[in-house]
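S.K.: There's a structure below that I have some questions on.
A short reminder: the numbers here are calculations on the coordinates, not readings from a lab. Everything numeric in this text was worked out from a predicted model, so none of it was measured. Glycine gets a Cβ as well: all are built from the backbone with ideal geometry, and neighbour counts include every protein chain shown.
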Amino acid sequence: MTNIMGISEAVGIAEGTIEVDSEEQLIAAWQYLVDSGLAWQLQGWFGRTAAQLIEDGVLLPPDKSNLLTAAKALNKIEFVHVN
């Protein structure tokens, strides 16, 4: 499972009801929820957890994540430093 296929899968992974093979998959699910804005629309726990993961540097805020995704799609990434 390398790609998040949809909302229910991302939510299930974040909640722990869908098992993943790696921490990267768990982080990808959370990043999906942040990027889509769903983390802030679901139960309060999702937003609080997402905010803490951003503060801890585990996740990127949506604006930086979307910029990184766009740069990757254009093959314009050689080095990334995110503050």
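S.K.: Within the stretch 48-65, which residues are surrounded by fewer than 17 Cβ atoms within 10 Å (Cβ to Cβ) and not in a helix (DSSP H, G or I)?
M.R.: Of everything in the stretch 48-65, those that are surrounded by fewer than 17 Cβ atoms within 10 Å (Cβ to Cβ) and not in a helix (DSSP H, G or I) turn out to be Asp56, Gly57, Val58, Pro61.
S.K.: Counting only residues that are in a helix (DSSP H, G or I) and of a type in the set (D, E, K, R), how many does the stretch 11-47 have?
M.R.: 4
S.K.: Need pairs with beta-carbon distance below 7 Å; first residue over 14 Å from Arg48 (Cα atoms) and within the stretch 14-37, second β-branched (Val, Ile, Thr) and assigned to a loop (DSSP other than H, G, I, E, B); sequence gap 6+ or separate chains.
M.R.: These pairs meet every condition: Leu26/Val20; Ile27/Val58; Ala28/Ile4; Ala29/Ile4; Tyr32/Ile4.
S.K.: Keeping to the stretch 3-36, report how many residues are surrounded by 16 or more Cβ atoms within 10 Å (Cβ to Cβ), polar (S, T, N, Q) and farther than 21 Å from Lys64 by Cα.
M.R.: 0
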